[in-house]
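Trainee: Here it is: the structure, laid out below.
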Amino acid sequence: MTAVPTRPSSNGRARNPGPQPQLDLLRAQRAAADFLTALGLCLDTESTTDTPARMARAYAELLTARPFQPTVFPNDAGHAGLVVVRRIPFHSLCEHHALPFIGTADVGYLPGEQIIGLSKLARIVEHHARRFQVQERLTQQIARHLEAVLDPPGVGVVLRAEHLCMTLRGVQAPGATTTTTALLGTLADDHRLRQEFLDG
Ligand code: ZN
């Protein structure tokens, strides 16, 4: 695993992808019919006649995150230690092959004046995962989002995922996982904190 410390870009901290893109289901369904026919699937059977519509709906579901509010609270108790939620399951779609990559996220931060509901860390992961992605960008977006919402002294994100485009095709390396890391602020700069986050 390589830990790549990252810092806010000079033009501001957050590069969130914004609202979910509008999905055109009918257009996707028509295109799926062409796509599947071109790949040899006969759509004239009882079993397959609705396959283009099912395929369009399935992809739409994979590309739609549930809406949420990242509720934050004052850090009244003055908690000063790392807050980490580990092994948050996620799935996304690789934008190079439109195939899933599936894995877990460790998301943590060092609280400053605010804390966030723990379940919201999983919702931030889902918000960015349910769209066409590359794992490196997804990792950065989760970290920047948490930084923008909380303004904490430090943020850390580690994603481990299996990419079906790599394990089912191409090099065909079943079980191979890809690890990406984003560390911001004190988690990038403080050796002890970084190790606590990465080793925990
Ligand atoms: Zn891919």
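Trainee: Using the heavy atoms of the protein chains alone and a 1.4 angstrom probe, what is the accessible area of the chain per residue in square angstrom?
Mentor: 55
Trainee: Give me the percent of DSSP beta bridges within segment 72-199 that run antiparallel, rounded to the nearest 5.
Mentor: Of all bridge pairs located within segment 72-199, approximately 95 percent are antiparallel.
Trainee: How large, in Å, is the chain by the Kirkwood hydrodynamic radius built from its alpha-carbon pairs?
Mentor: Evaluated over the chain, this radius sits at 18.5 Å.
Trainee: Go ahead and estimate [θ] at 222 nm for the chain from helices alone: -39,500 (n - 2.57) per DSSP H run with n ≥ 4, summed, over the residue count, rounded to 500.
Mentor: Counting only the DSSP helices, I get -10500 deg cm²/dmol.
Trainee: Report the residue, chosen from ASP44, ASP76, ASP189, that carries the largest GNM mean-square fluctuation when the chain is represented by alpha-carbon nodes joined by springs under 10 Å.
Mentor: Maximum among the listed residues: ASP44.
Trainee: Sticking with this structure for a sec: Cα axis of helix 25-38 to longest principal axis of the chain: angle in degrees, 0 to 90, nearest 10?
Mentor: In the chain, helix 25-38 runs at an angle near 60 degrees to the longest axis.
Trainee: If you build a Gaussian network model of the chain, linking Cα atoms that sit under 10 Å apart, which residue out of GLY154, GLY112, GLY81 swings the most?
Mentor: Ranking GLY154, GLY112, GLY81 by mean-square fluctuation puts GLY81 first.
Trainee: Same structure, new question: Given points 7 Å out from each Cα along the Cα-Cβ axis, report the HIS191 to ASP44 separation in nanometres with one decimal.
Mentor: Label at HIS191, label at ASP44, 7.2 nm between them.
Trainee: Which semi-axes, in whole Å and largest first, does the equivalent ellipsoid of segment 90-152 have when worked out from the alpha carbon gyration tensor as the square roots of 5 times its eigenvalues?
Mentor: Details: eigenvalues 118, 23, 13 Å².
Largest first, segment 90-152 gives 24, 11, 8 Å.
Trainee: If you average the sequence gap of Cα pairs under 8 Å that are 6 or more apart and divide by the length of segment 29-170, what percent do you get for the contact order?
Mentor: 26
Trainee: Which is the longest stretch in the chain that no exposed loop site breaks, taking sites as GluC sites (Glu not before Pro) with a DSSP loop state and at most 16 other Cβ atoms within 10 Å?
Mentor: Result for the longest clean stretch: 114-200.
Trainee: OK, next. Calculate what fraction, in whole %, of the accessible area of the chain sits on carbon and sulfur atoms when a 1.4 Å probe is rolled over the protein chains.
Mentor: For the chain, the apolar C and S fraction of the accessible surface comes to 55 percent.
The values are calculated or read from the model by the stated rules, or taken from the named source; none is laboratory data. Model, not experiment: these values are computed from the prediction. Cβ coordinates were reconstructed from backbone atoms using ideal geometry, including for glycine residues, and neighbour counts include every protein chain displayed. Only protein heavy atoms, including side chains, enter the accessible area calculation; ligands, DNA and RNA are left aside. Shrake-Rupley method; radii C 1.70, N 1.55, O 1.52, S 1.80 Å.
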